[in-house]
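The values are calculated or read from the model by the stated rules, or taken from the named source; none is laboratory data. Everything numeric in this text was worked out from a predicted model, so none of it was measured. Backbone-built Cβ (ideal geometry, glycine too); neighbour counts: all protein chains shown.
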Amino acid sequence: MKTLNSASKSQVGLAVWLDRFLAAGILVFLVLLPFHLVIKTLFIEPIATYWKEGLLAILVLVWGVRSVLAQRLLLTGTLLDWAGLAYAGLIVLRLVLDRSGAVGWWGAYISILYLPLFWLVPHALRAFPRGLKILLSGLTIAGGLVALGGVAEFLLNRALFPSAEIILRQGYPDVFVYGTQLRRAYFVLDSPTTLANMLAILLPIALVLAFQARQLWETILYAVSAVLMFACILFTFSRGIWAALAITLIIVAVYKFVTERNRKFLLGMAGLAGAGLLIALAVLLSQPVNETDQYTLELIQSEYKAVPLVNPVSLVGETPLEGTPEHQEWRIYDPIDRVEDEREVIFTHPQPDQAEEVIYRLALPEAAALRFSIALSPDVWIPENGDGVIFQVFVKESNTTSSGVFVFHRYLNPKTNPSDRRWRNYVLDLSAWTGKTVDLYLIAEAGPQHNDSYDWAGWADLDLGSLAQSYLAANRPAPQNPVAAHLASITNWAQDETNRDRLAAWNLGLAAWQENPFWGSGLGVTGAASFRSIPEHALATESQVLKALVELGIPGLLAWGFLWFAIGQLALLAYRNAASPEHKLLLLGLMGSLLVVFIEGLVYQNLEVKQVNAYFWTFAGLLAYLAPQPE
């Protein structure tokens, strides 16, 4: 009997130490995750890249040992268990059935990597209930520090931790609102959008902690973190998150008022929104009026084809003053108008340290304008094939000492940027040289790394004619405050660059789903997984719903819907049964965080962002922990 008691005590002691390790490991994992790119620079490979996977694997192993000691699988005992298992089960089933190799493995990795946090977090908190405040505080402080860096980046107007991913995609580390020099902050994440998504999840929790803090220093700490997060979200200029936060604020306030008639909370939320608007207004008014590009107008294909160019002459058939261009026929699918578009191009291939130039001597007509399009050949849309091409147009008066002007500059890299996998259509206003003879240079230059591999650059159409200034004035945005223009562009689907890119992604996603509407095309055919394993066919859906449909078909949509149904049902159940106002407020914050993920996920594949994915499953686990447990 004594031996049995000793063994039992030893087992209990082991369980306690395992739970302590699990709780500490979760905290370290979640707090360090926002700084993953910094960690990558401090350690050697493979630790630098895979520390998070290694740590999570150890934590899952510890949880497994605890399940063995407890003689049961340590799940949450809620409907969300079934939703999580159904989602994970579908991923594993498709991985086994599809046998798609690296593509499927990358797809499964990205889809369910952080799902175990849903079970790890509530178990650790049941062992150490006081750890809830520590966990939420750690996340808030980490978010506040990242936000501080983002705010500093915006104010100093330079990238503080240049992103290798952004440099690869566009050739330089800075991100600006399209057509302006208004910087978008991203600090230690991979893009402004990922930064905004991460902070938007943490912001409601920071506000809850600030409201519930009992010590003055705590109130100040959490409130400052919340203000920094809000300001940084503004400075990312991520319109999707702006809209998601606004909609979430309205839904949460209305729900609170309808269920409890709590006018104080409603007024508080209105005050918070008002303060946010004042901050936004201050940012708005602090920005100078942005002058639009005086020469270049970019158009979608349907508008480009309809440009009322008078007496057009195609330069494609003309003999240039200098250069021996090769003529080719390229067919590129247009994802916005959903048509195959074949055009004759002037083919140019720059050298590593020497641009390829084709020069035309032209007598410009009245109200001169040039309509043209550029692209890289679809045959070279593979990341290993170089780093893209810089297209430029230079104009100078012939036979004069005039220094000339660069009237067009655009970097295309369809090898890593899907939005460049189509014709880019432009109109150049050359009316400043009306009646003069000019030398017009078409310049193709190797990308920022001076890698000329497969830089198959094409200039199409090149129609020179006359174009009424009234047309240019009607289609070119008037000089205005760039923040106001950016906000107004949310509804501009015809001309706004990012909206066109998103529309193209949705159309491509829908077309891909229609190829396999019931079963889908398999794991890893979209998003980050496809860029790693099949980059030449990579597809960004810009929607979690569309991603589920494209990869997993109707079963994927049902699994996704069941997951969110279970989250909503559990959140409402927990809220109705909350034991105290503090408990209710915390649940309301969690509901707000998860609602932001849901809304943003409709227009962006946000669960592919590692921080968003990890915090999503963590907060889902917190819901399960705070919900009433079945007897």
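Among the numbered criteria (1) buried (at least 16 other Cβ atoms within 10 Å of the Cβ); (2) β-branched (Val, Ile, Thr); (3) at pLDDT 95 or above, which single criterion is violated by Ile58?
Of (1) buried (at least 16 other Cβ atoms within 10 Å of the Cβ); (2) β-branched (Val, Ile, Thr); (3) at pLDDT 95 or above, only one is false for Ile58: (1).
One residue is enough: does the stretch 347-362 have a residue meeting the conditions in the same structural domain as Arg424 (by TED's automatic domain parsing), aliphatic (A, V, I, L, M) and part of a loop (DSSP other than H, G, I, E, B)?
Quick first cut of the stretch 347-362, residues in the same structural domain as Arg424 (by TED's automatic domain parsing) only: 347-362.
Still in the list and also aliphatic (A, V, I, L, M): 355, 358-359, 362.
Subsequent filtering for residues that are part of a loop (DSSP other than H, G, I, E, B) retains 355.
There is at least one residue in the stretch 347-362 that is in the same structural domain as Arg424 (by TED's automatic domain parsing), aliphatic (A, V, I, L, M) and part of a loop (DSSP other than H, G, I, E, B).
Could you run through the stretch 526-554 and say how many residues are of a type in the set (S, T, N, Q) and either not in a helix (DSSP H, G or I) or not assigned by TED's automatic domain parsing to the domain that holds Leu93 (or both)?
In the first step, residues of the stretch 526-554 are kept if they are of a type in the set (S, T, N, Q); the result is 526, 530, 533, 541, 543-544.
Remaining after also requiring either not in a helix (DSSP H, G or I) or not assigned by TED's automatic domain parsing to the domain that holds Leu93 (or both): 526, 541, 543.
Summing the residues that are of a type in the set (S, T, N, Q) and either not in a helix (DSSP H, G or I) or not assigned by TED's automatic domain parsing to the domain that holds Leu93 (or both) in the stretch 526-554 gives 3.
State which residue is nearest to Arg239 (Cα to Cα) when the search covers only the stretch 555-614 and only residues that are aromatic (Phe, Trp, Tyr) and in a helix (DSSP H, G or I).
If we take residues in the stretch 555-614 being aromatic (Phe, Trp, Tyr) and in a helix (DSSP H, G or I), then Phe598 is nearest to Arg239 (Cα to Cα).
For the stretch 473-486, what are the residues that are within 30 Å of the chain's Cα centre (by Cα), in a helix (DSSP H, G or I) and farther than 13 Å from Val307 by Cβ? Full working, then the answer.
Narrowing the stretch 473-486 to residues within 30 Å of the chain's Cα centre (by Cα): 475-486.
Add one more test, that the residue is in a helix (DSSP H, G or I), and what stays is 475, 482-486.
Answer for the stretch 473-486, where residues must be within 30 Å of the chain's Cα centre (by Cα), in a helix (DSSP H, G or I) and farther than 13 Å from Val307 by Cβ: Pro482, Val483, Ala484, Ala485, His486.
Could you grab me the full set of residues in the stretch 215-273 that are part of a helix (DSSP H, G or I), touching a Lys or Arg at 6+ places or on another chain (Cβ under 6 Å) and modelled with pLDDT of 85 or more?
Going residue by residue through the stretch 215-273, those that are part of a helix (DSSP H, G or I) are 216-236, 239-260, 263-273.
Filter once more, keeping what is touching a Lys or Arg at 6+ places or on another chain (Cβ under 6 Å): 236, 265.
Within the stretch 215-273, just Thr236 meets the criteria.
Could you list all residues from the stretch 85-100 that are farther than 17 Å from Phe562 by Cα and in contact (Cβ under 8 Å) with a residue 24 or more places away in the chain?
Within the stretch 85-100, Arg94, Leu95, Asp98, Ser100 meet the criteria.
Within the stretch 419-442, which residues are surrounded by 18 or more Cβ atoms within 10 Å (Cβ to Cβ) and touching a Pro at 6+ places or on another chain (Cβ under 9 Å)?
Asp420, Arg421, Arg422, Leu442
What are the residues in the stretch 487-525 that are farther than 13 Å from Lys547 by Cα, over 17 Å from the mean Cα position of the chain (by Cα) and part of a helix (DSSP H, G or I), if any?
Leu487, Ala488, Ser489, Thr491, Glu515
Consider the stretch 147-203. How many of its residues are in a loop (DSSP other than H, G, I, E, B) and not basic (Lys, Arg)? Walk me through it before giving the result.
From the stretch 147-203, those in a loop (DSSP other than H, G, I, E, B) are 157-163, 171-175, 177-182, 184-191; that's our starting set.
After this cut, where a residue has to be not basic (Lys, Arg) as well, the list is 157, 159-163, 171-175, 177-182, 185-191.
Of the residues in that region, 24 qualify.
What residue, among those in the stretch 307-321 that are at pLDDT below 90 and part of a helix (DSSP H, G or I), is surrounded by the most Cβ atoms within 10 Å (Cβ to Cβ)?
This residue is Val316.
Evaluate the following for Ala548: is it surrounded by 24 or more Cβ atoms within 10 Å (Cβ to Cβ) and touching a residue at least 12 places away in the same chain (Cβ under 8 Å)? Spell out how you get there, then give the answer.
Numbers: surrounded by 24 or more Cβ atoms within 10 Å (Cβ to Cβ): yes; touching a residue at least 12 places away in the same chain (Cβ under 8 Å): yes.
Yes, satisfied.
Would you mention how many residues in the stretch 551-567 are within 24 Å of Ala102 (Cβ to Cβ) and crowded, with 23+ Cβ neighbours inside 10 Å?
3
Any idea how many residues of the stretch 337-370 are closer than 22 Å to Asp420 by Cβ, in contact with a Ser or Thr (Cβ under 8 Å, 6 or more places away or on another chain) and surrounded by 19 or more Cβ atoms within 10 Å (Cβ to Cβ)?
Number satisfying all stated conditions: 2.
Among Trp51, Trp17, Trp63, which is among the aromatic types (Phe, Trp, Tyr), in a helix (DSSP H, G or I), loosely packed, with under 12 Cβ neighbours inside 10 Å and modelled with pLDDT of 90 or more? First the steps, then the outcome.
On the way: Trp51 fails: loosely packed, with under 12 Cβ neighbours inside 10 Å; Trp63 fails: loosely packed, with under 12 Cβ neighbours inside 10 Å.
Step by step, each of Trp51, Trp17, Trp63 is checked, and only Trp17 is among the aromatic types (Phe, Trp, Tyr), in a helix (DSSP H, G or I), loosely packed, with under 12 Cβ neighbours inside 10 Å and modelled with pLDDT of 90 or more.
Out of the stretch 40-85, which residues are in contact with a Leu (Cβ under 8 Å, 6 or more places away or on another chain) and aliphatic (A, V, I, L, M)?
Ala48, Leu56, Leu59, Val60, Val62, Val65, Leu69, Leu79, Leu80, Ala83
Considering only residues that are within 9 Å of the chain's Cα centre (by Cα) and among the β-branched types (Val, Ile, Thr), look in the stretch 179-205 and name the one that is farthest from Gly240 (Cα to Cα).
If we take residues in the stretch 179-205 being within 9 Å of the chain's Cα centre (by Cα) and among the β-branched types (Val, Ile, Thr), then Thr194 is farthest from Gly240 (Cα to Cα).
Please specify each residue of the stretch 111-145 satisfying the condition of being buried (at least 22 other Cβ atoms within 10 Å of the Cβ), under 30 Å from Ala529 (Cβ atoms) and among the β-branched types (Val, Ile, Thr).
Val121
For Thr324, work out the one condition from (1) without any contact (Cβ under 8 Å) to a residue 12 or more places away in the chain; (2) surrounded by 18 or more Cβ atoms within 10 Å (Cβ to Cβ); (3) β-branched (Val, Ile, Thr) it doesn't fulfil.
It is condition (2) that Thr324 fails.
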